[in-house]
Each structure stands twice: as C-alpha cells, then as structure tokens.
Amino acid sequence: MSLNNLKLTLPAFNCLQQLIANHAVKRTTIPTIISNIRVMSINENQRWELQKFADDSVHVKILQLFMSLSTPHYFPWGEQSIGDVFCVCFALSEHKSIIVRNTAKAIVQQVITLLFQQVITEKSGTFID
C-alpha cells in the first residue's frame, strides 16, 4: 500500500487502529506493522513521503497508531521497531502543524518511558503482561 491514495490509506489506518485497540493484533506482528509504516513513509530517494501531504490526517493517523502501540500490552517491540518509530516521529516533530509536532514528541517520550519501565521490570524480575 502506498500513502499516496488517501481514500484507501485513512480507512486502512482506522481499521488497524481499531484492531490494535481491541487487542486483536498479535504482538509478534507489531514489528512488521511498524516497519511497513516506516517503509511506506520513505520514497526511493530516501526522502520522507510524510511531509508531502497537505492534509495532516495521514500524519495524525500514523501517530495515533503509534500511540495505540505505545502501551505495556504491546511493548516491547524490539530494537529495530523502536528505531523505526523514532525515525517517523523525529521526521514529524518538525512538521508545520503544532498538533502533529507535539504528538510526535509525546510518542517519543512515551516510548522512552516504556523502555525505562521495561529495564526496571526486568531488573526486578517481574514482567508486565
């Protein structure tokens, strides 16, 4: 799927977000979902496709999806997935819309918080499930 087709992209993200919110997505598929979003966000010249959308709805949907995944139920994702989320969020943290910028920054903070919680949990020998 390409991010170029807005009529398909938004409903697809809505469906995926609903599946995630209802815990209908296996944890093992989360790295694939995150990776695909990052791949769709970059064109063949390694330029961010995200920035070309005049309509912020795609950016907001991507960030809402990441926020839904930034919960103890779906975390940890793995190093590559964390890097992918950071790449997309850092790209959107320079967006023209203050809502997109602040949401991207909030997701980065949430992921960092989850990482620290994971370290504390692993060190104490208890696991969040």
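Project the alpha carbons of segment 55-96 onto their principal axes and report the range along each, largest first, in whole Å.
Largest first, segment 55-96 extends 30, 17, 11 Å along its Cα principal axes.
With θ set to phi - 60° and the Karplus curve 6.51 cos²θ - 1.76 cosθ + 1.60, what are the ³J(HN,Hα) couplings of segment 93-103 in order, to the nearest whole Hz, using x for Gly and Pro?
Couplings: 6, 10, 5, 6, 7, 5, 5, 5, 4, 5, 5 Hz.
So if we plug the beta-carbon distance of residue 123 and residue 79 into 1/(1 + (r/R0)^6) with R0 = 30 Å, what FRET efficiency do we get, rounded to 0.05?
Details: r = 18 Å, r/R0 = 0.61.
In this case the efficiency is close to 0.95.
Work out how much length residue 116 to residue 18 would gain on full extension: take 0.36 nm times their residue separation and subtract the Cα-Cα distance, in nm to one decimal. Intermediate results must be reported in sequence, preceding the final value.
Working: separation 98, 0.36 × 98 = 35.28 nm, distance 2.72 nm.
Here the segment from residue 116 to residue 18 would lengthen by 32.6 nm.
Read the figures in this text as sums done on the coordinates, not as results from a lab. Model, not experiment: these values are computed from the prediction. Glycine gets a Cβ as well: all are built from the backbone with ideal geometry, and neighbour counts include every protein chain shown.
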